[in-house]
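Below is one structure, written out as structure tokens; the observations come after it.
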Amino acid sequence: MDDNFKSNFIIYPMKTRIYQDGVTIGLTMVYLLVMDAMIKIVVNIPVFERYSVIFNICFVLTIAFLMAMVNIKHKYWISIFLGLTMGIYGFAQIAHYQVFSTFFSLSKISMLSELIAVSTGAATVMNFTSFQMVIPCVILLFLLWLNHRFLPINPHIHHSRKVMISWMSALVCMIGGCGFTIASYPDYPVHVRSYEYLYERLYNKTLSVRYFGIYSYLGKDFYNTFISGNQGTEEMVQDYLSTNGYHGQTNAYTGLFEGKNLILILAESFSAYSLDPTITPNLYQMSQKGIYFANHYAPLFDANTADSEFIALTGAMPSTEGSTTPNHYFSNTYDNGLAHFFKDEGYTPLSFHSWNRSFYHRDVLHPSYGFDHYYANESLDLTTFDGWTSAYNWPLDTELFDQAYQLTDTSQPFMDFIISATSHMPYQKNRKELSEEISYMESVLPENTNSEILVYDAALHNLDKAIGNLINALQDDGVLEDTVIVVFGDHYPYGMSEQGQSIYFDGKTKYEKYRTPWLIYTPGLEARTITRTTSTFDIYPTLANLFGFDIDDQLVFGVDALDDSTQGIVYFPDYSWLDDHAYYDASSATTVLLDDTYDDTTIARLCEQSLTALQVGQAALAVDEFELKKE
């Protein structure tokens with residue numbers, strides 16, 4: 001063999017030998033970049049935003065520098081740890097996005113017990129989209145094994161000062177570049193006020209991942225959740241109240257229901273598109289004979305049902321930063337709770353729900369809202385059966401409503417708040433408790449109806465029967481004439497799979513899926529359909545006016561929906577908003593004009609109004625600013 005051949009094929013490869021150390025670092029860097037890209041691709045947001053690229057490179061180089069400083073054993077453990085951690089985190093984020101159309105915050109760790117409790121039903125919604133996030137992790141672990149099995153260890157890696165200097169130089173440059181990037185964020189006032197403000201608050205999680213990457217989002221989210229927390233001040237709230245405190249106007253509905261009983265019903269996952277003469281005949285008739293809000297929307301916040309009841313009972317803004325409302329702010333004193341007003345008038349306010357008493361800290365929150373007693377699953381006698389699986393099978397609303405009425409003393413003024421449960425996910429045909437309703441739906445709905453939609457409508461049919469039975473009982477006891485029944489949906493049926501939602505919301509725009517029913521019924525009430533845009537935020541001030549309660553000067557984010565001089569606005573947690581004239585999608589910075597009323601200046605003003613409302617709402621939670629302003 002000649003010398004030239006030896007030089008090319010033996011000596012040269014020895015000089016460029018590939019070692020385990022470099023491959024381990026390289027695999028980890030590539031894996032981290034791939035995970036960020038995959039998360040963005042799956043949720044259909046751009047991969048190569050300028051700031052995102054800078055932050056990601058800085059993060060990857062930081063990890064590489066730390067790995068370069070340790071021995072090969074530690075390199076492997078760091079790589080395996082990052083692989084498993086990001087695989088689990090990516091899976092969880094995509095699974096969450098599939099259901100809620102946004103990323104989650106680490107603050108949801110405070111809801112871990114709640115999430116575990118309902119995980120049986122949530123698991124039915126997951127599909128390959130979320131599980132594919134585990135594939136890069138499996139590939140990484142396999143390549144690390146090959147690397148460890150076949151490649152040699154570099155004996156000189158810890159003595160190479162040039163390598164260390166190179167890593168340090170690159171890292172310092174990138175950190176300096178990130179610092180310069182943050183300091184030089186241009187103002188973008190229309191939908192994020194500024195990139196710096198978006199980075200500081202992470203109020204729109206999808207935008208944050210888009211512009212800063214998943215690792216910067218994770219790091220800042222960790223800091224906001226466990227270190228800085230909600231930094232609102234009482235001064236901020238008082239400044240807002242001085243110009244935006246609630247001032248209701250007297251109108252034809254003021255005090256209309258004064259002295260009447262109230263049954264307020266939160267209807268689980270009740271979409272307006274299932275308010276139907278066949279599916280929900282009693283509720284449909286109530287909407288035709290009472291006051292029906294035809295363009296009512298229920299924004300979905302992090303604590304889902306608990307946040308919707310929080311809004312309806314206090315008129316306040318739920319938590320969007322830091323921890324969730326019921327898991328962090330349950331010890332606040334909600335003197336402005338709607339039930340307090342009824343109690344002051346001699347009513348006996350009671351609340352009912354067929355689920356665990358401590359779930360969402362309702363055992364503490366409901367008394368704080370003003371209820372004399374909260375009847376939960378533990379204090380009710382609800383039917384189960386052999387093979388019953390909690391959070392997969394749900395107690396029937398017909399039983400819940402019947403027992404709630406039996407526990408109510410109708411001989412004196414009463415206020416009942418009932419949280420339904422039967423229409424909670426999952427929407428699977430083998431839910432034995434719904435067999436009767438499913439059989440009925442199969443006989444009345446088209447033969448090719450999607451199975452999830454059929455079960456969902458069957459569950460709502462049980463809710464409808466429960467309300468029908470309630471009306472009959474009130475009638476038999478002679479108190480129906482003196483009782484007002486209010487029904488509102490807490491959120492759209494996010495528990496359906498992507499396919500189920502696609503069929504159910506076929507042809508609907510992005511914001512239309514948030515349409516839920518809101519109706520007010522009592523015998524003899526003049527029928528009226530309200531076509532103005534309303535939201536869950538409007539329930540509190542509207543009921544306060546109808547029952548003659550004074551909530552002036554309170555921190556209320558809704559309006560009296562029966563006052564023709566008002567215009568409501570739907571506040572979404574990502575700082576999007578909707579009213580009669582436009583929908584602003586903060587995640588895409590796009591405006592859908594519903595007519596030609598608004599110009600760019602008005603849109604910008606309403607964006608600022610939405611930002612301010614959510615920010616002040618967070619401050620109020622942080623400083624417990626819910627004391628009634630009484631004379």
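Just so you know, all these numbers are worked out from the coordinates, no wet-lab data involved. All values derive from a computational prediction rather than experimental measurement. We place every Cβ from the backbone using ideal geometry, glycine too, and count neighbours over all the protein chains shown.
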Using the structure shown, list the pairs from Lys40/Lys508; Lys260/Lys508; Lys343/Lys513 with a Cα-Cα distance above 32 Å, or answer none. Lys260/Lys508; Lys343/Lys513
With everything on Cα atoms, drop me the angle between helix 161-183 and the longest principal axis of the chain, reported from 0 to 90° to the nearest 10. 30 degrees
Where does the longest stretch of the chain lie that holds no trypsin sites (Lys or Arg not before Pro) found in a DSSP loop with 11 or fewer other Cβ atoms within 10 Å? 18-629
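Is the shape of the range 292-342 rounded, prolate or oblate, going by the alpha carbon gyration tensor and its root eigenvalues a ≥ b ≥ c, with a/c under 1.5 for rounded and a/b larger than b/c for prolate? Don't jump to the answer; show the numbers that get you there.
Details: a/c = 2.80, a/b = 1.15, b/c = 2.44.
Since a/c reaches 1.5 but b/c is at least a/b, the shape of the range 292-342 is classed as oblate.
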One would report the antiparallel percent of DSSP beta bridges in the chain, rounded to the nearest 5, as 40 percent
Classify the range 539-631 from the C-alpha gyration tensor, please: rounded if a/c falls under 1.5, else prolate or oblate depending on whether a/b exceeds b/c. oblate
Return the FRET efficiency for the residue pair Thr233, Lys343: r is the Cβ-Cβ distance, R0 is 41 Å, and the value is rounded to the nearest 0.05. 0.85
Compute the acute angle (0 to 90°) between the alpha-carbon long axis of helix 397-406 and the principal axis of greatest extent of the alpha-carbon atoms of the chain; round to the nearest 10°. 50 degrees
Using only the alpha-carbon atoms, how far is helix 72-100 inclined from the longest principal axis of the chain? Give it as 0 to 90 degrees, nearest 10. 30 degrees
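In percent, how large is the relative contact order of the chain, given Cα pairs closer than 8 Å and 6 or more residues apart?
Values: 1077 pairs, mean separation 130.1, N = 631.
It rounds to 21 percent for the chain.
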Label-point separation, Glu442 to Phe222 (7 Å along Cα→Cβ), nm: 5.1 nm
Towards the positive end of the charge dipole of the range 235-623, with charges on Cβ (+1 Lys, Arg; -1 Asp, Glu), say which of Tyr540, Thr243, Pro277 has the farthest Cα. Pro277
Would the range 299-414 count as rounded, prolate or oblate if I go by the C-alpha gyration tensor, calling it rounded below 1.5 in a/c and otherwise prolate when a/b exceeds b/c, oblate otherwise? oblate
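If I take every Cα pair under 8 Å that is 6 or more residues apart in the range 400-479, average their sequence separation and divide by the length, what percent do I get for the relative contact order? If you can, show how the numbers build up before the last one.
On the way: 53 pairs, mean separation 29.8, N = 80.
The value is 37 percent.
Summing +1 for each Lys or Arg and -1 for each Asp or Glu, what net charge is found among the other residues whose Cβ lies under 12 Å from the Cβ of Glu268?
Net local charge, Glu268 excluded: -3.
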Correct option for semi-axes √(5λ) of the Cα gyration tensor in Å [calculated from the coordinates] among (1) 52, 28, 21; (2) 38, 33, 25; (3) 75, 28, 19: (1)
At most 10 other Cβ atoms within 10 Å and a DSSP loop assignment: could you name the GluC sites (Glu not before Pro) in the range 439-510 that fit? Glu447
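Viscosity 0.692 mPa s, temperature 37 °C: give me the Stokes-Einstein translational D for the range 212-346 in µm²/s, with Rh taken as the Kirkwood radius over C-alpha pairs. Spell out each step's value before the answer.
Values: Rh = 18.9 Å.
In µm²/s, the coefficient is 174.
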Rounded to the nearest 500, what is the chain's calculated 222 nm mean residue ellipticity when only DSSP H runs of at least 4 contribute -39500 (n - 2.57) each, over all residues? -14500 deg cm²/dmol
I need the GluC sites (Glu not before Pro) found in the range 226-282, filtered to DSSP loop residues with at most 11 other beta carbons within 10 Å of theirs. Glu258
